[in-house]
Amino acid sequence: MTKVPVEFTLNTREQNEFVETGSTLLSALRDRLGLYGTKAGCHQGTCGACTVIIDGEPHLSCLTLAERCQGKDVTTLEGLAPAGALHPLQQAFMDGFAAQCGFCTPGMILAAKCLLDRNPDPTRDEVVDAISGNICRCTGYEPIIAAILTAAQGMRKPARKRA
Amino acid sequence: MSVTLSAAKQARLVPAVQAKGGRIIAGGTLIVADLNYGADSVALITLDRLGFDKIAVKGGKVTLGAMVTMAAVARDRRLKFLHPVANSIGGPAVRAMATIGGNLFAPAPYGDMTAALLTLDAEITLHDGKATRKLPIETFLAQRRKLQKHCVVSISFAAPSAGTFHYVKVVRRKPVSASVVTIAAVIPQKAGKIKDARIALGAMAANAIRARKAEAALEGRKLGNDIIATAAKLIAAEASPADDAYATAWYRREIAPVHFVRLLAA
Ligand SMILES: Cc1cc2nc3c(=O)[nH]c(=O)nc-3n(C[C@H](O)[C@H](O)[C@H](O)COP(=O)(O)OP(=O)(O)OC[C@H]3O[C@@H](n4cnc5c(N)ncnc54)[C@H](O)[C@@H]3O)c2cc1C
Ligand code: FES
Ligand code: FES
């Protein structure tokens, strides 16, 4: 297999990697970089477990060729909060029992982050749309939707205080 | 399996790569899913450096570059009428990746944007390696397999007058899933009569098709429940839907008229 160099920003750090041509970002993250927060489910784009953020938008890492990340800004679950700390979305998922087996959780949280970055005060329908590409076998979705709305509320509060 | 990836420097150089079995990778939502199934060796070529991701709206004419994504359409305030179409395609991550150019080649039940572009009577600009050609979308779809050896550059159409564009996609799982039936229609009226109605169906044949018999039933008539019901009886007359995981062909034929009536009835 031929390897090609790729330079991209991964969780705010410059990353230089040699990746196999035709390999996916999902396999680069898990198999080369040992970042297991990004889950491998269907490899077909249908489950959303492999969702990462590229240049501010949610992307399916199983359908993204690693080579095409050249110059891009990639965020995975590991980059969401400093080591030892939790992002408000992670905290809300924990508090609200929004994860059972946890397999869908990283994808759900990153899809939700993309929504909240653009729209800090989403309606329930907007939350449902934001996670519509992410499948959960366990929770029945309701606790996930509630956790995202709770996190949004919590994240808006400090901003209001400052104002 | 060996996959190579290169970036095209000019559209005219792409067909030579395709002639040797190479394939364009746009958003990659279909082609990488194929590779993950274990497709053969393939030379992939991107259009990333060609500036095909631009949207232009000038004097009522809309031009979408082939690499424009569904997310970009859904964000563009000038294209409000297309927002429900773009937002009906996959979840947000699919929309951020899926392109207009790729949608033209998506097999049924996919191709919802293509159904909308068909009802807008869009014109496809493509490069065949020698020259740039323009084709009406209906001709393009009829020759789609062959034209996969060409490079689609852009898609243009006249923006429909306010209130004339209608769209519904019937799915089994809200808010988004693959289509059971997709109906897109432009129903312009002149002096109270329907003039030049166009109706397109997605998921009702191997690619998006026009419902010409239903269009003819509407032509020159006043838009009202009677005439909508008459056209609805003809809506699937030219269709050849498939049985798939989402619906049977029988079911698709049964519900297409129901949703056509709901779409147009006041
Ligand atoms: C989970 C999931 C859900 C989906 N849901 C929907 C849906 O609801 N509705 C829907 O319509 N589709 C859906 N799709 C299918 C697909 O995402 C879209 O049809 C999309 O628009 C395809 O575009 P792409 O850029 O990803 O195509 P690619 O995979 O990059 O390419 C697809 C084909 O088109 C060819 N091609 C691409 N661009 C050009 C060009 N400029 N010139 C010539 N050939 C070209 C490629 O060579 C390839 O053969 C879904 C896919 C997934 C994975
Ligand atoms: S593994 Fe990527 S969507 Fe399922
Ligand atoms: S918590 Fe198990 S899949 Fe969602």
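The values are calculated or read from the model by the stated rules, or taken from the named source; none is laboratory data. The model shown is predicted, which means the values in this text are computed figures rather than measured ones. Areas reflect the complete protein model, heavy atoms only, side chains present, ligands, DNA and RNA absent. Shrake-Rupley method; radii C 1.70, N 1.55, O 1.52, S 1.80 Å.
Which semi-axes, in whole Å and largest first, does the equivalent ellipsoid of chain A have when worked out from the alpha carbon gyration tensor as the square roots of 5 times its eigenvalues?
Numbers: eigenvalues 159, 63, 34 Å².
Ellipsoid semi-axes (Å, largest first): 28, 18, 13.
Report, largest value first, the span of the C-alpha coordinates of the range B:3-46 along each principal axis, in whole Å.
Principal-axis extents of the range B:3-46 (Cα, largest first): 30, 20, 13 Å.
Evaluate Rg over Rh across chain B, taking Cα atoms for both radii and Kirkwood's formula for Rh. Mind dumping the intermediate values first?
Numbers: Rg = 18.6 Å, Rh = 19.0 Å.
So for chain B, dividing Rg by the Kirkwood Rh gives 0.98.
Take every DSSP beta bridge with both residues inside the protein assembly as shown and express the antiparallel ones as a percent of the total, to the nearest 5. All intermediate terms of the calculation are to be shown ahead of the outcome.
On the way: 50 of 60 bridges.
Roughly 85 percent of the beta bridges in the protein assembly as shown run antiparallel, per DSSP.
Just need the Rg to Rh number for the range B:1-88, please, alpha carbons only, Kirkwood Rh.
Working: Rg = 15.6 Å, Rh = 14.7 Å.
Ratio of gyration radius to Kirkwood radius for the range B:1-88: 1.06.
For the range A:88-160, what does the accessible surface come to per residue with a 1.4 Å probe? Please give it in Å².
49
With a 1.4 Å probe and all protein chains kept in place, how do A:36, B:110, B:37, A:141 rank by accessible area, largest first?
B:37, A:36, B:110, A:141
According to the Cα gyration tensor, what semi-axes, each the square root of 5 times an eigenvalue, does the equivalent ellipsoid of the range B:55-158 have, listed from largest to smallest in whole Å?
Values: eigenvalues 87, 51, 29 Å².
For the range B:55-158, the ellipsoid semi-axes come out as 21, 16, 12 Å.
Could you tell me the extents of the range B:187-266's C-alpha atoms along the three principal axes, largest first, rounded to whole Å?
Taking the Cα atoms of the range B:187-266, the three principal extents are 44, 21, 15 Å.
Two decimals is fine: what is log10 I(q)/I(0) at q = 0.21, 0.23, 0.31 Å⁻¹ for the range B:82-137, from a Debye sum with one equal scatterer on every Cα and no solvent?
-0.83, -0.94, -1.30
Which number do you get for Rg(Cα) / (2.2 N^0.38 Å) in the range A:88-160?
On the way: Rg = 11.1 Å, N = 73, 2.2 N^0.38 = 11.2 Å.
Here the Cα radius of gyration is 0.99 times the empirical estimate.
Please report, in cubic angstrom per residue, the volume enclosed by the convex hull of the alpha-carbon atoms of the range A:27-90. Show your work: numbers first, answer last.
On the way: hull volume 6.3 nm³, N = 64.
In the range A:27-90, the Cα convex hull volume per residue is 99 Å³.
List the residues of the range B:63-99 whose accessible area drops by at least 40 Å² when all protein chains are present, compared with their chain alone, using a 1.4 Å probe and counting only protein heavy atoms.
At a threshold of 40 Å² (probe 1.4 Å), the residues of the range B:63-99 that become less exposed are B:75, B:92, B:93, B:96, B:97.
Just reorder B:260, B:52 by solvent-accessible area, largest first, 1.4 Å probe, all chains present.
Sorted by accessible area, descending: B:52, B:260.
Using C-alpha positions alone, give me the convex hull volume of the protein assembly as shown per residue in cubic angstrom. Intermediate values should be presented prior to the final figure.
On the way: hull volume 70.1 nm³, N = 429.
It comes to 163 Å³ per residue, whole-number rounded.
Greater than 28 Å separation of Cα atoms is the criterion. Which listed pairs, A:72/B:20; B:169/B:193; B:58/B:149; A:39/B:146, meet it? Don't jump to the answer; show the numbers that get you there.
Numbers: A:72/B:20 30 Å; B:169/B:193 26 Å; B:58/B:149 30 Å; A:39/B:146 38 Å.
From A:72/B:20; B:169/B:193; B:58/B:149; A:39/B:146, over 28 Å: A:72/B:20; B:58/B:149; A:39/B:146.
Rank A:22, A:84, A:48 by mean-square fluctuation in a GNM of chain A with C-alpha springs under 10 angstrom and give only the top-ranked residue.
Result for chain A, Cα springs under 10 Å: A:84 fluctuates most.
Can you give the accessible area of residue A:14 in Å² (nearest 10), computed on protein heavy atoms with a 1.4 Å probe?
Only protein atoms counted, so the area is about 130 Å².
So what's the angle, to the nearest 10 degrees on a 0 to 90 scale, between helix B:225-234 and the longest Cα principal axis of chain B?
50
So what's the range B:131-202 giving for Rg/Rh, alpha carbon basis, Kirkwood Rh from the mean inverse pair distance? Intermediate values should be presented prior to the final figure.
Details: Rg = 15.8 Å, Rh = 15.1 Å.
My calculation of the ratio gives 1.05.
When all protein chains stay in place, what accessible area (Å², nearest 10, 1.4 Å probe) is found for residue B:121?
Residue B:121 has an accessible surface of roughly 80 Å² with all protein chains in place.
Comparing A:149, A:80, A:33, which has the greatest mean-square fluctuation in the GNM of chain A with Cα pairs linked when under 10 Å apart?
Between A:149, A:80, A:33, it is A:33 that shows the largest mean-square fluctuation.
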